[in-house]
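A.B. asks: Here you go, one structure.
Nothing in this text is a laboratory measurement; each read-out follows from the coordinates by a stated rule. Small disclaimer: the values here were computed from a predicted structure and weren't measured. Here the Cβ is made from the backbone with ideal geometry for all residues, glycine too, and neighbour counts use every protein chain on show.
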Amino acid sequence: MNRTTSERHHEEALTHIVGGVNSPSRSYKAVGGGSPTVMARAKGAYFYDVDGNKYIDYLAAYGPIITGHAHPHITKALTTAAENGLLYGTPTEHEIKFAKMLKEAIPSMDKVRFTNSGTEAVMTTIRVARAYTGRTKMMKFAGCYHGHSDLVLVAAGSGPATLGTPDSAGVPKTIAEEVITVPFNDPAAFKEAMDLWGSEIAGILVEPIVGNFGMVEPNPGFLETVHTLAKEHGVLIIYDEVITAFRFHYGAASTLLGLKPDLTALGKIIGGGLPIGAYGGKKEVMDQVAPNGPAYQAGTMAGNPASIQTGIACLELLSQPGVYEELDRLGKRLEEGILESAKKHHVTITINRIKGALSIYFTGVNVENYDQAEASDGEMFAKFFRLMLDQGINLAPSKYEAWFVTTAHTDEDIDVTLQAVDRAFEQMNE
Ligand code: PMP
C-alpha cells in the first residue's frame, strides 16, 4: 500500500505540531513508530487517506462515531446549527431539551452541566465531590484513564497502602499523593484501601465497564462491593462513562448494571462527533456547582449550539429500535470469526467483547485487570496492527484501545475484515 503522501505530510507536521499529532495516542509510537496515516475524508464505515487508500474504520475516533462518519442526520443538525449561529454565550432551548434527554436515559442524574470534553467533565466531578464532602483524597483504579487533568495522571503506588506518584512531568508530587490507586476487580485490595483511607476520600472514579485497557467488565459483585464500602465511608461514587454511555444500550453502563452513582461524567458519543462533555448527578451534590453553590466551573464554549444539536441528533439515531442488537450481532460475528482464525493459525489471543466494542489481547489468560492487559504481547499486537492497516483495516494503534463497530458497518465489511484477520494471523505465524 502506497503511503508516501501520508509520510510526507507527517514529516512536515513534525516541524509544526508537537510530535506531528494533536493527541499522543494518534502517533504510532506504541506500535513501533513511523508515520501515522493522514486521513483526508471519512464517510460511513470508511476512511480515505491522503494517498487515496480506503480503510474500514474501527477506531471510530476513539469512540464517538457510533453512527459512522458523516451521518446525514448529524450533518443536517450541524448545518442547521451553523446557519443559526454557532455560539451565543446565552442559554438555548436545545440545551434544555438535551439535558432532559440525558436525564431520562440516565436516571441517576437529577441535574447536568455541559462541558467541552470528557477531561473537563471528570475534572469537575472531582472538584464537586471534594466540595460536597470537604475531603481532598481521591481513589481510582489502575489502568483506567480519566482525561489529562493533573489529579488523574497518577500512577499506582505499590499496594493499597501507598499513595500515587506523578505519571506525567508537570504533575506535582503533592497532587499525586492525593490519589490512591487500586486494581480493578479486586475486592480485597479495595477493602484494604478503604479501611486505610476511606475517611479521607472525597470520591472514587470508576469506569464501570473499563474501556481503557481494552474492554473489561466488572466481575459479578465487584461494583456492588465498591458501592457498599463507599457508602459506609461517606465516599462519593463517580462513574466515568465517557466511553460507556450510549455504547451498549440507550443509557449508561450504570443503568445497564442497575447501579446508581452519585455523579456521572459523559463525553464522546453524546456529542455526535463534536467536542463535548457533561457531568451530572444527585441534586444535592450538583447544587455545589456555581452559580448555586461554591464549586466553580465554567466555559465559553460549554453547551455550544452545534455540539448540543449534533448530540441530540446522535441520540435520536441511537434511540431507534434494533440499533444495539445490530451492533451486538456484528460484534459477535467479529469475535467468533477472529477466534476461529486464531485457532486455525495457532495464534494465542483473548477477546473481551461487550456488544459492538471489543478488544483483542495477545495473551493466553483472561483479562480482568490492568496487569493482565499490560502483560499481553505488544509486539504481536504491533505486527497485527500493521498487517491489518496494509489490508485496509484501520484499528487504534495501541494494544489497549478497543475496536468499535458502528451502525454504518455491514456484514460485507465484517467479511472483508475477517479475511484480513485470517491473512494477518497466517503471516504472523510464518
Ligand atoms: N474518561 C474516559 C473513560 C476516557 O476514555 C476519556 C478519553 N479517552 C476521557 C475521560 C477524556 O475525554 P476527552 O478526551 O474528551 O477529554
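A.B. asks: Lys54 to Ala161: extension gain in nm, 0.36 nm per residue of separation minus the Cα-Cα distance? Please report the intermediate quantities before stating the final value.
C.D. replies: Details: separation 107, 0.36 × 107 = 38.52 nm, distance 5.06 nm.
My answer for the length gained is 33.5 nm.
A.B. asks: Among His146, His249, rank each residue by its count of other Cβ atoms within 10 Å, from fewest to most, as a rough exposure measure.
C.D. replies: Numbers: His146 27, His249 18.
Least to most surrounded, the residues fall as His249, His146.
A.B. asks: Does the stretch 72-318 come out rounded, prolate or oblate by the C-alpha gyration tensor, with a ≥ b ≥ c the root eigenvalues, rounded set by a/c under 1.5 and, if not, prolate when a/b is larger than b/c and oblate if not?
C.D. replies: On the way: a/c = 1.91, a/b = 1.68, b/c = 1.14.
Cα axes put the stretch 72-318 in the prolate bin.
A.B. asks: Under a point spin-label approximation (7 Å from Cα along Cα-to-Cβ), what is the Thr5-Leu196 distance to one decimal in nm?
C.D. replies: Label at Thr5, label at Leu196, 5.5 nm between them.
A.B. asks: Could you compute the FRET efficiency for Ile17 and Thr79, with r as their C-beta to C-beta distance and R0 at 30 Å, rounded to 0.05?
C.D. replies: Numbers: r = 29 Å, r/R0 = 0.96.
For Ile17 and Thr79, the calculated efficiency is 0.55.
A.B. asks: Once the dipole of the chain is set up with Lys and Arg at +1 and Asp and Glu at -1 on Cβ about the Cα centre, which of Leu102, Ala142, Thr15 lies farthest towards its positive end?
C.D. replies: Toward the positive end, the furthest listed residue is Leu102.
A.B. asks: Now for a separate question. If the chain between Ser319 and Asp371 were fully stretched, how many nm would it gain, using 0.36 nm times the residue separation less the Cα-Cα distance?
C.D. replies: Values: separation 52, 0.36 × 52 = 18.72 nm, distance 3.64 nm.
Contour length minus Cα-Cα distance gives 15.1 nm.
A.B. asks: Order by neighbour count: Ile209, Ile354, fewest other Cβ atoms within 10 Å first, most last. The partial results should precede the final answer.
C.D. replies: Working: Ile209 24, Ile354 21.
In order of increasing Cβ crowding within 10 Å: Ile354, Ile209.
A.B. asks: Let me ask something additional. Grab the DSSP H runs of the chain that are 4 residues or longer, score each as -39,500 (n - 2.57), total them, divide by all residues and round the 222 nm result to the nearest 500 deg cm²/dmol. Intermediate results must be reported in sequence, preceding the final value.
C.D. replies: Details: 14 runs with 161 residues, N = 430.
Result for the chain, helices only: -11500 deg cm²/dmol.
A.B. asks: Shifting gears a bit: Taking a threshold of 27 Å on the Cα-Cα distance, which of the pairs Lys97/Lys268; Lys111/Lys191; Lys76/Lys100 fall above it? Numbers along the way, then the final one.
C.D. replies: Working: Lys97/Lys268 19 Å; Lys111/Lys191 31 Å; Lys76/Lys100 22 Å.
Cα-Cα > 27 Å for Lys111/Lys191; rest within.
A.B. asks: By count of other Cβ within 10 Å, fewest leading, how are Ile393, Ile96, Ile243 ordered?
C.D. replies: Numbers: Ile393 22, Ile96 12, Ile243 25.
Arranged by neighbour count, lowest to highest, Ile393, Ile96, Ile243 become Ile96, Ile393, Ile243.
A.B. asks: Here is a further query. Just order 175-187, 82-94 by mean Cβ neighbour count inside 10 Å, highest at the front, would you? Show your work: numbers first, answer last.
C.D. replies: Values: 175-187: 21.3, 82-94: 11.5.
Descending mean neighbour count gives 175-187, 82-94.
A.B. asks: Moving to a separate point now. Sequence neighbours fewer than 8 away in the same chain don't count; with that in mind, list the aspartates and glutamates whose C-alpha is under 12 Å from Lys137.
C.D. replies: Glu177, Glu178, Glu200
A.B. asks: Set the Förster distance to 30 Å, then compute FRET efficiency between Lys283 and Leu87 from the Cβ-Cβ distance, nearest 0.05.
C.D. replies: Numbers: r = 29 Å, r/R0 = 0.96.
For R0 = 30 Å, the calculated efficiency reads 0.55.
A.B. asks: Between Ala169 and Asp390, how high is the FRET efficiency from 1/(1 + (r/R0)^6) when r is the Cβ-Cβ distance and R₀ = 41 Å? Nearest 0.05. Show your work: numbers first, answer last.
C.D. replies: Values: r = 35 Å, r/R0 = 0.86.
In this case the efficiency is close to 0.70.
A.B. asks: If you don't mind, there's one more thing I want to ask. Along the Cα→Cβ direction, 7 angstrom out, place labels at Lys343 and Leu257. What is the inter-label distance in nm?
C.D. replies: In this crude label model, Lys343 to Leu257 measures out at 3.1 nm.
A.B. asks: Distance from the Cα centre of the stretch 91-167 to that of the stretch 201-274, in angstrom?
C.D. replies: A separation of 10 Å, based on Cα centres.
A.B. asks: Now for a separate question. Placing +1 at every Lys and Arg Cβ and -1 at every Asp and Glu Cβ, with all other atoms neutral, what dipole size does the chain have around its Cα centre, in debye to the nearest 20? Walk me through the intermediate numbers first.
C.D. replies: On the way: 37 positive and 50 negative charges, 156 e Å.
In debye, rounded to 20, the chain gives about 740.
A.B. asks: Net charge near Lys140: determine it from the other residues with C-beta under 10 Å of the C-beta of Lys140, scoring Lys and Arg +1 and Asp and Glu -1.
C.D. replies: Working: positive: none; negative: Glu207, Asp240.
Taking every other residue near Lys140 into account, the sum is -2.
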